[in-house]
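The values are calculated or read from the model by the stated rules, or taken from the named source; none is laboratory data. Only a predicted model underlies this, so the values are computations on that prediction, with no experimental measurement involved. For neighbour counting, all protein chains shown are included, and Cβ atoms are generated from backbone atoms with ideal geometry for every residue, glycine included. The accessibility values were calculated without ligands, DNA or RNA, using every heavy atom of the protein model including side chains. Shrake-Rupley method; radii C 1.70, N 1.55, O 1.52, S 1.80 Å.
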Amino acid sequence: MTLRTLLHDFLALLYPEDCRACAGELAMGEEVICSHCRIKLPYTDFHTAPFDNALHPVFWGRVPVQAAGAYLKFQEKGRVQRLLHQLKYRGQEEVGEVLGRWYGALMQNQPDYKGIEVVVPVPLHKSKLKQRGYNQVAAFSRELATALSVPVAEDALQKNRNSLTQTKKDRQARWEAMQQLYSIYNKESIQGKHVLLVDDVITTGATLEACASLLLQNGASAVSIAAIAYTL
Ligand SMILES: [Zn+2]
């Protein structure tokens, strides 16, 4: 037992923490998510077939994507929604860290992820970053990178505005507006590299499409995609 776990257990005795998924009290040795929730989380098996799963077709005809995966299936009012809420709005960055560690352990054993050379989180606009204090996918991204033994390039991309300035009806105009939300910042970090692009939730795939296109236009050799959850 390390000093860190000893200290953690000692503090847990004094101030018991709650499970971020069910709000029940965490038992000794449990961290962030209780064992019951850990068993009950709606896992996908996308990592076992990253080139041929329900997520992959989302990007067909939009942007060439290598491996595509999401760790969990988002369910309205379910555990995943509560976890993401804690992560995004309650300062619980450790939710991303724990999920990243668990997902990274699965990816590590998949040959399909062996070619990845750098991990890039989808960026937040600097005003949002200041408000939240962290990018909610940063810790998740770091854990995936550690598991895959590759660096993270948190500054590869930047977000130029907080949201789309106006709703545009025309598909092409909407795509262009989406593209303009992001730009490349640290180009050297991704040039000639197979990038694992990471987001929190995949809904329409528009954010990932915009970011993946930018990475490829700026010299990334390939882009794979990973998210905490998906809602299709
Ligand atoms: Zn729980």
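Count, please, the residues in the range 29-44 that happen to be within 20 Å of Ile228 (Cβ to Cβ), more than 9 Å from the ligand (Cβ to nearest atom) and open to solvent by 60 Å² or more (accessible area, probe 1.4 Å).
Final tally of qualifying residues: 3.
Could you list, in sequence order, the residues of the range 192-219 that are in a loop (DSSP other than H, G, I, E, B), open to solvent by 10 Å² or more (accessible area, probe 1.4 Å) and either of a type outside the set (Ser, Thr, Tyr) or at pLDDT 95 or above (or both)?
Answer for the range 192-219, where residues must be in a loop (DSSP other than H, G, I, E, B), open to solvent by 10 Å² or more (accessible area, probe 1.4 Å) and either of a type outside the set (Ser, Thr, Tyr) or at pLDDT 95 or above (or both): Gly192, Lys193, Asn218, Gly219.
For the subset of the range 176-232 comprising residues that are without any contact (Cβ under 8 Å) to a residue 60 or more places away in the chain and aliphatic (A, V, I, L, M), which member is farthest from Glu143 (Cα to Cα)?
Residue satisfying both the conditions and the ranking: Ala177.
Would you pick out the residues in the range 11-28 that are among the charged types (D, E, K, R), more than 17 Å from Ala229 (Cα to Cα) and assigned to a loop (DSSP other than H, G, I, E, B)?
Scanning the range 11-28 gives a single hit, Glu17.
Run down His8, His47, His85 and say which single residue is assigned to a helix (DSSP H, G or I), open to solvent by 60 Å² or more (accessible area, probe 1.4 Å) and away from the ligand (no atom under 16 Å from the Cβ).
When all the criteria are applied, what remains is His8.
Name the residues in the range 215-232 that are of a type in the set (A, V, I, L, M, F, W, C) and under 14 Å from Leu157 (Cα atoms), would you?
Selection gives Leu215, Leu216, Ala220, Val223.
Do we find that Leu26 is under 18 Å from the mean Cα position of the chain (by Cα) and surrounded by 13 or more Cβ atoms within 10 Å (Cβ to Cβ) in this structure?
For Leu26, the condition - under 18 Å from the mean Cα position of the chain (by Cα) and surrounded by 13 or more Cβ atoms within 10 Å (Cβ to Cβ) - is not met.
Name the helices (runs of 4 or more DSSP H) wholly inside the range 88-169 in which the number of residues that are open to solvent by less than 10 Å² (accessible area, probe 1.4 Å), in contact with a His (Cβ under 8 Å, 6 or more places away or on another chain) and more than 17 Å from Leu215 (Cβ to Cβ) is 1 or more.
The helices (runs of 4 or more DSSP H) meeting that bar are 94-108.
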